[in-house]
1. For TYR178 and GLU74 in one chain, what is 0.36 nm times their gap in residues minus the Cα-Cα distance, to one decimal in nm?
2. Apply 1/(1 + (r/R0)^6) to the Cβ-Cβ distance of SER48 and ASN171, taking R0 = 35 Å, and write down the FRET efficiency to the nearest 0.05.
3. Could you check the spin-label model distance between SER95 and LYS18? Points 7 Å from the Cα along Cα→Cβ, value in nm.
4. Could you tell me which of SER52, THR131, MET63 has its Cα farthest along the dipole of the chain towards the positive end, charges placed at Cβ (Lys, Arg +1; Asp, Glu -1), taken about the Cα centre?
5. What number comes out for the charge environment of SER78, summing +1 per Lys or Arg and -1 per Asp or Glu over other residues with Cβ under 12 Å away?
6. Which ³J(HN,Hα) values in Hz, rounded to whole numbers, follow from the phi angles of the range 39-55 under the Karplus curve 6.51 cos²θ - 1.76 cosθ + 1.60, where θ = phi - 60° and Gly and Pro get x?
7. Going 7 Å from the Cα of ALA11 along its beta-carbon direction, which residues of the range 190-204 have the amide nitrogen within less than 13 Å of the resulting point?
8. Express in nm, to one decimal, how much length is gained between GLN55 and GLU160 on full extension, taking 0.36 nm for each residue of separation and deducting their alpha carbon distance.
Amino acid sequence: MKELTIDNFKAMLVNALKNIKAREDEFSRLDAVIGDGDHGQAIVTAMSAVVSTAQGGAEFKSMLSDMGFNVMLEVSGSTSTLLGAFFLGMSDCVSGTSLSATEVKAMFAGGLSNVRKQTHAKRGDKTMMDTLIPAIEAIQTSTSDEVKEILEAGAKAAAEGADATIGMKANFGRARNYGERSVGHADSGASSWACMFQSFAEVL
C-alpha cells in the first residue's frame, strides 16, 4: 500500500490497544522488578484514552493533536505524558486524510522529536527510548515506498530494541537505584512500545 488512510491508522491504534491489553500483566510484572509495578495498567489506560479520542477524528492533524492533548489531560503519569508528546509531535508533521510513505516517515520522525523534548533518557538507558529510537530510525532509513514495509521495519527494530534492554543496567529515573539488579529483565516501557509498533505493522 502506497498510502496510509485515517481509517488504517485508527485500526492500527485499536489493534495496539487490544495487544497491549492482552499483555497488561506481563508489562506490570516487568515494571515491578525496578518500578511501581503499574506500567501495564498505565499503558492500557493511556491507550484506551487515545483510541477513544481517535474514533471521532476526520483528518490526521487535528485527530493526532486531540489524541495527544486528551491522553495527557485524562491520564496522569509519565506514560501518558510521553505517549501524548509522541502523538502531538506527529500532528505537527501531517495534514489531510491520507499519507504517502514519505509523509508517514515525517509523521513518526515528528513523534520522536517531540518525545525527546520531554525526557533526557537516551538509547542504552533501559527505557522506552531503547525501542522508540531504533524503530523511528528504521522507519526513516527504509527505502521502500510501501507503508506496510516501512512499518514492518520499524516493528522489527522496536522488538530488537526491547530485547536489548534485558542486558542493560537502568541508568534513568528511580530505576537506576537498582543498579545491577536491573540487569536480566526487559524494560516494561520498551516492551509495551515495541508491542505498539508490532501492532501497527500487523494491521496493514
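1. Net length gain for the segment: 34.4 nm.
2. Numbers: r = 31 Å, r/R0 = 0.87.
The formula returns an efficiency of 0.70 here.
3. Distance between label points: 3.4 nm.
4. My answer, from the dipole projection, is THR131.
5. On the way: positive: ARG174; negative: ASP31, ASP36, ASP38.
Charge balance in the 12 Å sphere: -2.
6. With the stated coefficients, the range 39-55 comes to 5, x, 5, 5, 6, 5, 4, 5, 5, 5, 5, 4, 5, 4, 5, 5, 4 Hz.
7. 200-204
8. That pair, GLN55 and GLU160, stretches by 34.7 nm at full extension.
Here, each number is a calculation from the coordinates, and none is a lab measurement. Source: prediction; values computed, not measured. Methodologically, a virtual Cβ is constructed for each residue, glycine included, from the backbone with ideal geometry; neighbour enumeration extends over all protein chains shown.
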